[in-house]
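Let me begin by presenting the structure, written as structure tokens, before commenting on it.
The values are calculated or read from the model by the stated rules, or taken from the named source; none is laboratory data. Because the structure is predicted, anything quoted here is derived from the model rather than measured. Note that each Cβ is placed from the backbone with ideal geometry, even for glycine, and that neighbours are counted across all protein chains shown.
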Amino acid sequence: MAAALLAALWPAAAGPQAPPGAEPNDPTLVEGVPPLKQSDVEAWKHLVELAFGDALTKEQSALLQDQLVAHWGQANGSTRSQLGQASAAWQQIGTAQGAHREMLRLALREQLLEAARSDPDDAISKLVLGLYDAASPVLVDGEPPLRKGSVGALISLLEWLTSQAAGQAVELNEVERDRFTSQLVEYYPHAAPGDRMLLAHLEETLAFVRAQWAEADPQGQANFRANLARLMGLNRPPLPAPYAGPTETWEHPNGLFSVDYPAEWPARYGSLSDGTIVAGWSLFDVTVLGEAPSAALELGALPDAGALIAAAAVPPDVLADRLTIEEAAFALAHELLSPSGAAEPLGDTVVGKGAVLAVWRQQSAGAEYFVWLSVLLLREPRGGAIATLARAPSAQKADLEPAFSHIVYSLRLPDPDAKQLPELLDFPDPRDLALDLLNTPLREQMDMIEGLTSGMR
């Protein structure tokens with residue numbers, strides 16, 4: 001066991017260094033070339049404690065030291081050299097940060113377990129295997145067995161994935177976690193062998209995904225979120241980061257509606273428009289939205305960014321021949337966007353109770369734009385609607401999308417019983433989404449996780 005256990009340590013990247021807390025006076029326990037020092041034993045102790053997440057008892061520490069002393073006297077030069085690398089291995093893990101440190105810790109644990117399983121009757125092997133059973137008890141026997149650590153890692157991974165998709169932290173409570181654990185324990189004997197193997201390595205998968213996320217650049221993280229939304233079956237445009245800056249309120253002159261816009265824009269881009277269509281912009285053609293230019297009131301044109309933000313009251317006759325609100329939204333999008341170039345939806349249109357939200361990509365004059373469009377039906381006049389639209393070059397998407405979505409979601413009607421767009425669209429609560437993932441069959445969970453990790457490698 002000793003040689004196999006020692007081989008679990010990777011070659012040192014630096015010279016041996018005493019672990020934190022090592023005694024300044026470092027006595028020699030066994031003479032030799034090199035000798036066995038007390039700091040070497042302490043390094044092994046720290047490594048074992050780190051691998052299994054618990055401090056050794058006095059008895060366990062004494063057993064480890066006695067075994068190392070005994071094996072040192074029997075070891076040849078190469079095995080002694082491996083023993084001496086414990087301090088450097090401790091230093092390598094101890095200086096790592098975040099998810100990378102967790103990956104190294106789990107790799108060390110797996111190496112120690114593999115060595116221990118090769119000689120299970122050895123005293124140190126029994127110690128290592130006992131520490132593993134205490135840290136992650138077996139919940140269901142099998143090949144491999146289902147352990148508590150794997151179940152906890154699966155729950156944490158689903159929470160983390162939901163948090164990334166929702167843009168906010170999501171945590172399930174203990175009752176929900178315990179209920180899921182019980183269900184998985186009941187199902188596990190019937191799980192496919194491949195799913196069992198994936199589940200057995202969920203702790204490593206969780207650390208890997210987090211490490212890849214931390215190392216990714218903003219575009220890589222955006223691609224990951226897009227891939228995640230597709231695999232999770234999110235049938236709505238991904239929500240951008242929320243707009244955190246101060247806002248001002250813009251009100252329709254006739255009191256039909258109001259929306260919020262960033263307070264910095266008037267100073268940055270000049271006075272907001274008084275309702276006239278900016279030269280070169282024909283998205284809100286007055287023949288579509290009403291007879292007078294004031295029916296298509298423009299919130300702001302950002303010429304430096306090549307962007308347009310508008311909200312308009314749509315007369316009943318424009319949507320009168322449409323059977324559903326989704327058809328009405330597509331018809332309106334066609335009327336608004338097609339004069340400026342071909343447009344296609346980005347993802348599925350979200351249809352709620354009296355409202356629609358869609359994100360489009362448009363090719364216009366050799367450039368690509370993204371467009372946010374919402375339509376909110378009015379109870380009075382029946383058939384009328386309020387449309388909000390934001391369009392900007394795709395290159396400006398990351399900078400402007402949070403503000404654009406804030407404008408779209410902040411639209412308010414004077415009717416005290418009217419609901420805002422997010423309520424009408426009935427976006428799922430992030431916790432509900434996490435619970436949906438938790439209640440997804442294990443086969444589908446493993447397929448999703450396999451797809452995500454393969455896309456990150």
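Here are some notes:
- Looking only at segment 411-448, residues that are within 22 Å of residue 249 (Cα to Cα) and either touching a Cys at 6+ places or on another chain (Cβ under 7 Å) or assigned to a helix (DSSP H, G or I) (or both) come to 4 in all.
- Pick from segment 136-154, criterion under 25 Å from residue 171 (Cβ atoms) and out of contact with any strand residue (DSSP E or B) (no Cβ under 9 Å at 6 or more places or on another chain), ranking: surrounded by the most Cβ atoms within 10 Å (Cβ to Cβ): 154
- Of all residues in segment 111-126, those being of a type outside the set (Ser, Thr, Tyr) and surrounded by 20 or more Cβ atoms within 10 Å (Cβ to Cβ) number 4.
- Tabulated pairs, segment 367-396, first within 18 Å of residue 411 (Cα to Cα), second assigned to a strand (DSSP E or B) and of a type in the set (D, E, K, R), C-beta under 6 angstrom, 6+ apart or interchain: 371/391
- Counting only residues that are farther than 11 Å from residue 68 by Cβ and free of Cβ contacts under 8 Å to residues at least 24 places away in the same chain, segment 38-49 holds 1 of them.
- Cβ separations smaller than 6 Å between residues 6+ apart or across chains give the following pairs from segment 169-196 residues that are over 13 Å from residue 143 (Cβ atoms) to residues that are among the polar types (S, T, N, Q) and part of a helix (DSSP H, G or I): 169/163; 170/162; 170/163.
- Residue 154, sole failed condition from (1) within 19 Å of the chain's Cα centre (by Cα); (2) of a type outside the set (Ser, Thr, Tyr); (3) at pLDDT below 90: (3)
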